[in-house]
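S.K.: Just dropping this structure here.
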Amino acid sequence: MRALVVISLAALALAACSATPGPYRGPLPSDGPILYSCDDGTQLTVEFEGGEARVAIVGGRSFVLPAVGADYYSNGRYAIRGGGRDASWQAGGAAPVACRGA
């Protein structure tokens, strides 16, 4: 029985690794993180909650941006504006880029 469980778990893990997920087409989450794909290739996960935006750059840094205006979050170096399906992302002194929630 134990061997069967181990084999089943291994098969599930292998199947999960080989599956290539397609684009998410459902509605954006009403709570929790939103995955954004930006025009410059940057991918972010952002969770807007309690006057702040928790941002994780896929393959990079994570940080918290405080709200500094209506739908505008910034720490002076990074900024995200908007939320929901459309947002703009700005890093350093670069111009803002459009991002689409998925």
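Read-outs throughout are calculated quantities, based only on the coordinates presented, and are distinct from any laboratory measurement. Since the structure is predicted, the reported quantities are computational estimates derived from the model, not experimental observations. Don't worry about glycine lacking a Cβ; one is built from the backbone with ideal geometry, like all the others, and counts go over all protein chains shown.
S.K.: I'd like the per residue volume of the convex hull spanned by the Cα atoms of the stretch 24-101, given in cubic angstrom. Each step should come with its number before you reach the end.
M.R.: Details: hull volume 7.0 nm³, N = 78.
Each residue corresponds to 89 Å³ of Cα convex hull volume.
S.K.: Working out 0.36 nm times the residue gap between THR42 and ALA102, then minus their Cα-Cα distance, what length gain in nm do you get to one decimal?
M.R.: On the way: separation 60, 0.36 × 60 = 21.60 nm, distance 1.33 nm.
Separation in residues times 0.36 nm, less the Cα-Cα distance, equals 20.3 nm.
S.K.: Another question about this same structure. Taking the Cβ of each residue in CYS38, CYS99 as the centre, tally the other Cβ atoms inside 10 Å and list the residues starting with the fewest. Before the final figure, lay out the partial values.
M.R.: Details: CYS38 17, CYS99 25.
Listed from fewest to most nearby Cβ atoms, that is CYS38, CYS99.
S.K.: Give the order of ILE34, ILE57 when sorted by the count of other beta carbons within 10 angstrom, beginning with the fewest. Don't skip to the answer; put the middle values down first.
M.R.: Details: ILE34 19, ILE57 16.
Fewest-to-most ranking of ILE34, ILE57: ILE57, ILE34.
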